[in-house]
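Student: Here it is: the structure, laid out below.
The values are calculated or read from the model by the stated rules, or taken from the named source; none is laboratory data. All of these numbers come straight from a predicted model, not from anything done at the bench. All Cβ positions, glycine included, derive from the backbone under ideal geometry; neighbour counts span all protein chains shown. Side chains are part of the model used for accessible areas, which takes the heavy atoms of the whole protein and leaves out ligands, DNA and RNA. Shrake-Rupley method; radii C 1.70, N 1.55, O 1.52, S 1.80 Å.
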Amino acid sequence: MCGRYTLTTSDQRRLGSRFQISLDEESPGLGRYNVAPTQEVLTVNTDPESGERAAVASRWGLVPFWAKDLKAGYKMINARNDRLLESKAYGPLVKKSKNRCLILADGFYEWLKAENPKEPRQPVRFTVDGGEPFAFAGLTVSREWEGEPLTSCTIITTDANDVVSRVHDRMPVILPNEEVEEAWLNGDLSPEEAVSLCVPLDPKRMEAKPANPVLNKVGGAKEGPDFLEAPVENSD
């Protein structure tokens with residue numbers, strides 16, 4: 001699964017150039033070290049009229065059209081790749097390019113259980129290509145909520161590769177390159193072809209490093225680069 005991730009860069013120009021979108025100071029989710037469910041995140045969607053890419057602020061945790069409570073999103077932060085087509089919530093979305101999105105990130109976290117149950121879990125941060133930004137494969141839906149527009153999203157997951165499996169048996173789908181990102185967004189794909197893109201990333205491109213246990217609590221401390229580093233133990 002993926003329950004927390006990062007998008008630490010605030011370089012709007014570089015990120016915009018990489019994903020072919022326009023960003024400004026109002027763009028959500030930049031400079032983040034502990035993105036959590038229900039928060040506003042940065043996605044890339046296809047404009048249904050022009051077919052062009054657009055940066056969209058989206059609530060993490062899908063709120064489908066039939067949901068009567070925003071709490072539904074807590075249970076829909078991830079969508080398993082092996083159940084997409086049979087799912088009443090996700091199946092109709094994966095079939096249409098307008099409902100497939102990119103969710104921008106530059107790392108994600110999983111947790112190791114401590115040998116001593118009294119000790120806190122150890123977060124581990126996974127990065128790609130030395131920390132470069134990348135895109136999760138996501139699904140998105142827009143609807144009205146209490147008279148206001150609401151866009152929400154979910155991150156698709158797959159079997160863990162050899163790097164992630166040391167910590168967890170699932171991992172988010174990371175699209176491997178710009179060509180696959182383009183196909184996911186705009187490709188005239190059958191549902192089966194779309195699902196076939198949702199596979200584990202080559203483990204040779206990934207690294208794992210212990211992170212700061214302060215991450216164990218959302219909002220417990222001000223986010224910053226120190227979240228990415230495990231505290232140095234005092235040997236004295």
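Student: Could you run through the stretch 151-171 and say how many residues are out of contact with any strand residue (DSSP E or B) (no Cβ under 6 Å at 6 or more places or on another chain) and open to solvent by 20 Å² or more (accessible area, probe 1.4 Å)?
Tutor: Residues that pass the stated criteria total 5.
Student: Which pairs turn up if I take residues in the stretch 101-126 that are touching a residue at least 24 places away in the same chain (Cβ under 8 Å) and look for partners that are open to solvent by 10 Å² or more (accessible area, probe 1.4 Å) and of a type in the set (Phe, Trp, Tyr) with beta carbon separation below 6 Å, at least 6 apart in sequence or on another chain?
Tutor: Arg121/Trp111; Pro123/Trp111
Student: Can you work out which of the residues in the stretch 190-213 that are touching a Leu at 6+ places or on another chain (Cβ under 8 Å) and either of a type in the set (Lys, Arg) or assigned to a loop (DSSP other than H, G, I, E, B) (or both) is most open to solvent (accessible area, probe 1.4 Å)?
Tutor: If we take residues in the stretch 190-213 being touching a Leu at 6+ places or on another chain (Cβ under 8 Å) and either of a type in the set (Lys, Arg) or assigned to a loop (DSSP other than H, G, I, E, B) (or both), then Lys209 is most open to solvent (accessible area, probe 1.4 Å).
Student: Oh, and also: Condition first: part of a strand (DSSP E or B), closer than 26 Å to Ser87 by Cβ and in contact (Cβ under 8 Å) with a residue 24 or more places away in the chain. Now tell me which residues in the stretch 16-52 satisfy that.
Tutor: Passing the criteria: Val35, Val41, Leu42, Thr43, Val44, Asn45, Thr46.
Student: Pairs under 6 Å by beta carbon, first residue under 19 Å from Asp106 (Cα atoms) in the stretch 209-223, partner of a type in the set (Phe, Trp, Tyr), six or more apart or different chains?
Tutor: Every condition considered, the pairs that remain are Asn212/Phe227; Leu215/Phe227; Glu223/Tyr33.
Student: Of the conditions (1) open to solvent by 40 Å² or more (accessible area, probe 1.4 Å); (2) assigned to a loop (DSSP other than H, G, I, E, B); (3) touching a strand residue (DSSP E or B) at 6+ places or on another chain (Cβ under 8 Å), Glu119 fails just one. Which one is it?
Tutor: Just one mismatch for Glu119, condition (3).
Student: Which one is most open to solvent (accessible area, probe 1.4 Å), of the residues in the stretch 73-83 that are in contact with a strand residue (DSSP E or B) (Cβ under 7 Å, 6 or more places away or on another chain) and within 27 Å of Ser190 (Cβ to Cβ)?
Tutor: Arg80
Student: Checking the structure you have, find out if any residue of the stretch 214-226 is under 26 Å from Glu86 (Cα atoms) and open to solvent by less than 30 Å² (accessible area, probe 1.4 Å).
Tutor: Among the residues of the stretch 214-226, not one is under 26 Å from Glu86 (Cα atoms) and open to solvent by less than 30 Å² (accessible area, probe 1.4 Å), which makes the answer no.
Student: I need the full set of residues from the stretch 74-113 which are in contact with a Pro (Cβ under 7 Å, 6 or more places away or on another chain) and hydroxyl-bearing (Ser, Thr, Tyr), in order please.
Tutor: Scanning the stretch 74-113 gives Tyr74, Tyr109.
Student: Within the stretch 132-161, work out how many residues are farther than 20 Å from Glu179 by Cα and in a loop (DSSP other than H, G, I, E, B).
Tutor: Of the residues in the stretch 132-161, 4 are farther than 20 Å from Glu179 by Cα and in a loop (DSSP other than H, G, I, E, B).
Student: Taking Glu182 and the conditions (1) free of Cβ contacts under 8 Å to residues at least 24 places away in the same chain; (2) within 18 Å of the chain's Cα centre (by Cα); (3) in a loop (DSSP other than H, G, I, E, B), which numbered condition does it fall short on, given that it satisfies the others?
Tutor: (3)
Student: A follow-up question, please. Being aromatic (Phe, Trp, Tyr) and open to solvent by 30 Å² or more (accessible area, probe 1.4 Å), is that true of even one residue in the stretch 55-72?
Tutor: Checked against the condition, which is being aromatic (Phe, Trp, Tyr) and open to solvent by 30 Å² or more (accessible area, probe 1.4 Å), the stretch 55-72 yields at least one hit.
Student: Between Tyr90, Tyr109, which is within 28 Å of Lys217 (Cβ to Cβ) and either surrounded by 19 or more Cβ atoms within 10 Å (Cβ to Cβ) or not basic (Lys, Arg) (or both)?
Tutor: Tyr109
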